[in-house]
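Quick notes on the structure that follows.
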Amino acid sequence: MKEETGPGDGEGGLRAFLDGGAFERAAGELRRRLRDDPSDVRTLRDLAQVLRQSGDLAGASRAFRRVVDLDPSDLHAARLHALLEGIPPAPPDPVPVRFHRRRGFLGEERLGRLRDFVRGRRAAFEATAVRTADGRQDHDAGTRRSASLKEVDEVREWFDPLLAEEIPEAIRALSLGEFAVDVLSCKVTSWHDGCFFRLHQDEATGAAATRRAGFLYYFDFPPRRFTGGELLLYDRDPDTLWPLPSFTNLPPETDTLVFIPANAWHEVLPVRCPDPDWSAARFTFSGWLHDADLLDALEEGGGGGVM
C-alpha cells in the first residue's frame, strides 16, 4: 500500500472535539450510568472506547478488563486489553492495530544530551517534506506542517545501540515476524503551534516500500508549554484494511519511545503552543525499521536510495 493522505483531521474536527472536552463529558455520563448498574456491559464497552480515544490508556485497559470479566466471549475487548497492557494480542488480527511503547526510554541524563544537541542546531531545521504517490518529495502545508533536522549522526552514535536493544521486543509486539533490520531516515522534528500531519501510512513506493515499522521518541524542553499533538492510531477494517473511525490515542509523553507498523493508518493532531519560543514545541526523534534484505534487492535492481 502506498503512502498517501486521507480524510484526516488537519486543523479541525477531532482537535476541536478534544479541546472542547467532549470525551470527558461522555466519560462522565457513562460512569454515572455505571454507578446505577455496574454490570451494564454495553455501557462499560462504550466507556472503554471513550477512554482509549481520549488518551487515558490505563483507564481504558481497566475498563476492557472489566468487560472481559463480565463477557468472556468478547474477543475484541480481550485484544484491546492485551494491547493496552503491552501484550501482543492473539490471534493476529488487523483490529486493533498494534503498537509498542516504552516509557522512560532514555532517562534524564541522555535526554539532556539530546536536548543540548537539538538546542545547538536550531538554525538547521527546515520545513518537513512529504513523499507523494509517485515518490517525489513535496512541501505540502495542507498535508503536513513541521520542521525537521536530518543531520543527526552525532545522536545516532549513542541512540542506535539503545534502540537496538528495544527493537526485538517491538518486532514481537507488532507481530512482524523475523527480518534483518536496517534503521534509516532518522531525524528530529519540531512541532510548534498549528503543526500537524494528516491521515497517512508510512509505507510507500521505492525504497520506502521496505519499511516494516516506524519509531517515534517524544521529548520537549521543560516546562511543557504545548498541548495537542496526539498520535491517533486508527483501527482497520478487517476486510479492506482501510481505516475505521475508531482509534487509539497515544499522547506525546516525554521520554517515551513508540513503535507502530509501517502500514498503520495514523495522524498527528494539531499542536497548540501560544508561546512563540522555539523551544516550546513538541519534538520527536524518529526513523524507520527497514527490511535490509528487501532493501539490498531493491538497490541491486536499481530502485534508488532512501528518503
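The values are calculated or read from the model by the stated rules, or taken from the named source; none is laboratory data. All values reported here derive from a predicted model rather than from experimental measurement. When we count neighbours, we look across all protein chains shown, and the Cβ atoms used for this are built from the backbone with ideal geometry, even at glycine.
So the values come out like this:
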item: Those strands (runs of 3 or more DSSP E) lying entirely in segment 217-295 with at least 3 residues of a type outside the set (A, V, I, L, M); result: 231-236, 243-250, 256-261, 282-291
item: Every residue from segment 270-304 that is more than 15 Å from residue 189 (Cα to Cα) and surrounded by 18 or more Cβ atoms within 10 Å (Cβ to Cβ); result: 273, 289, 290, 291, 294, 295, 298
item: Of all residues making up segment 174-206, the number that are surrounded by 19 or more Cβ atoms within 10 Å (Cβ to Cβ), among the hydroxyl-bearing types (Ser, Thr, Tyr) and modelled with pLDDT under 95; result: 0
item: Residue check, residue 28 free of Cβ contacts under 8 Å to residues at least 24 places away in the same chain, closer than 29 Å to residue 227 by Cβ and exposed (fewer than 15 other Cβ atoms within 10 Å of the Cβ); result: yes
item: Selection from segment 222-254 of residues that are over 24 Å from residue 23 (Cα atoms) and either assigned by TED's automatic domain parsing to the domain that holds residue 58 or out of contact with any Lys or Arg (no Cβ under 7 Å at 6 or more places or on another chain) (or both); result: 222, 223, 238, 239, 240, 241
item: Hey, residue 96 of a type outside the set (A, V, I, L, M, F, W, C) and either exposed (fewer than 15 other Cβ atoms within 10 Å of the Cβ) or modelled with pLDDT of 95 or more (or both) or not; result: no
item: Qualifying residue in segment 159-173 (condition: in contact with a strand residue (DSSP E or B) (Cβ under 9 Å, 6 or more places away or on another chain), within 24 Å of residue 251 (Cα to Cα), at pLDDT 90 or above and part of a loop (DSSP other than H, G, I, E, B)); result: no
